[in-house]
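Some notes on the structure that comes next.
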Amino acid sequence: MGQEIRNFVIIGETSDGKVFRPSDWAERLCSLTSAVGNNKKLKYSQFVSPGTTPAGVKTVIVNPRLYRLDPLAWKFVLDFARDHDLRFEPIPVPPAYTAVAETFRARHSVRRFLPTPVSRDLISEILELASRSPSGTNAQPWKVYALAGAAREALSTALLERYIQNAGEKQEYAYYPDEWVEPWLSRRRKLGFALYELIGISKGDKPRMKEQTGRNLLFFDAPVGLIFTLDRRLAQGMLLDYGIFIGHLIIAAQARGLASCMQTAFTDFPNTIRSHLGISEQEMIVGGLALGHPDPEAPENNIVSEREPVEGFAVFQGF
Ligand SMILES: Cc1cc2nc3c(=O)[nH]c(=O)nc-3n(C[C@H](O)[C@H](O)[C@H](O)COP(=O)(O)O)c2cc1C
């Protein structure tokens, strides 16, 4: 479970219900951690900021990260609330946010599934939910081929045959760069090493590496495999809409107890997929998705994929 940052609020009312005076106590307290902005006005810090309750009572909102950043200021603020007998409460996180956050944090790519079947109704339900995702001009550019049972197996058999013959096909769009550079190269390597270590593939063991890569084409044994296509008459930018759609889909799946693994591995064999599923030339193969119940015994399902902290990828201005 990830760290949840829950703000606190100091309410300008004493425990016996009296409004706390002076009326500018909140601004004064906040000025302790404020700075002067470019416009020469006082700029409150994001960790201690003034507010009001819906009833108009002054408040100070305190971000608990202040504790680590400035322990003295944190102590001062807490002592202030305590010494003046002010109410000090956590700001409740909306239950919907908690549920969504838990679903996001629980999702991870699964690369070995149990054969437990998944019903068409359930797949249909999560597809319908995912289709609520936004798309430019509401174009809804997604088209999904949902495969289970013999249909899923037949496609995998055809693909694996091509893969074993090393019969590569021309990719329809470049998903990976021609040359990997930092910092992405290290991240990619880290994932590869973690996977091989967990399943006991030693460095340079090419036959087992090839076998593992080939498991992509089996949808990692998942009972349901999805193939996504995009009509070529649409522009490349619509892959953005597609990404949002798939993002919604994997979260909806997770919330309904299904694990997933997004797979662009299928883009290596667009012709085989097209001919096997009767897909016209007009449709570009975007990728695939394995869906099902995770095998709890499979070591490869235990990869812990780290993330950069927000400060590493977000530039905040004007806060
Ligand atoms: C567009 C896309 C394509 C991916 N293709 C593959 C793939 O072909 N095979 C695979 O094993 N994982 C694939 N992944 C899964 C990523 O490796 C995985 O999302 C990443 O390592 C982060 O781990 P997590 O999903 O467990 O959080 C893909 C993910 C995305 C978003």
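The values are calculated or read from the model by the stated rules, or taken from the named source; none is laboratory data. It should be emphasised that the depicted structure is a prediction, and the values quoted were computed from it without experimental measurement. A quick note on method: Cβ atoms are made from the backbone with ideal geometry, for glycine too, and the neighbour counts reach across all protein chains shown.
In region 110-142, which residues are more than 30 Å from A235 (Cα to Cα), part of a loop (DSSP other than H, G, I, E, B) and under 21 Å from the mean Cα position of the chain (by Cα)?
Once the filter is applied, which keeps residues that are more than 30 Å from A235 (Cα to Cα), part of a loop (DSSP other than H, G, I, E, B) and under 21 Å from the mean Cα position of the chain (by Cα), region 110-142 yields V110, R111, R112.
Could you list all residues from region 32-89 that are closer than 15 Å to R21 by Cα, exposed (fewer than 15 other Cβ atoms within 10 Å of the Cβ) and of a type in the set (V, I, T)?
Hit for region 32-89 is T52, nothing else.
Is one or more of the residues making up region 150-170 surrounded by 14 or more Cβ atoms within 10 Å (Cβ to Cβ), in the same structural domain as H248 (by TED's automatic domain parsing) and under 21 Å from M238 (Cα atoms)?
no
Restricting attention to region 263-271, does a residue exist that is assigned to a loop (DSSP other than H, G, I, E, B), without any contact (Cβ under 8 Å) to a residue 60 or more places away in the chain and not basic (K, R)?
For region 263-271, residues assigned to a loop (DSSP other than H, G, I, E, B), without any contact (Cβ under 8 Å) to a residue 60 or more places away in the chain and not basic (K, R): absent.
Quick check on region 224-235. Is at least one of its residues within 15 Å of E283 (Cβ to Cβ), part of a helix (DSSP H, G or I) and within 12 Å of the ligand (Cβ to nearest atom)?
no
Could you grab me the full set of residues in region 182-215 that are surrounded by fewer than 12 Cβ atoms within 10 Å (Cβ to Cβ), over 24 Å from the mean Cα position of the chain (by Cα) and assigned to a loop (DSSP other than H, G, I, E, B)?
Matches in region 182-215: G200, S202, K203, G204.
Where the second residue is modelled with pLDDT of 90 or more and part of a helix (DSSP H, G or I) and the first is under 24 Å from T52 (Cα atoms) and of a type in the set (A, V, I, L, M, F, W, C) and lies in region 87-102, which pairs have Cβ atoms under 9 Å and are six or more apart or on separate chains?
F88/L78; F88/A81; F88/R82; V93/A101
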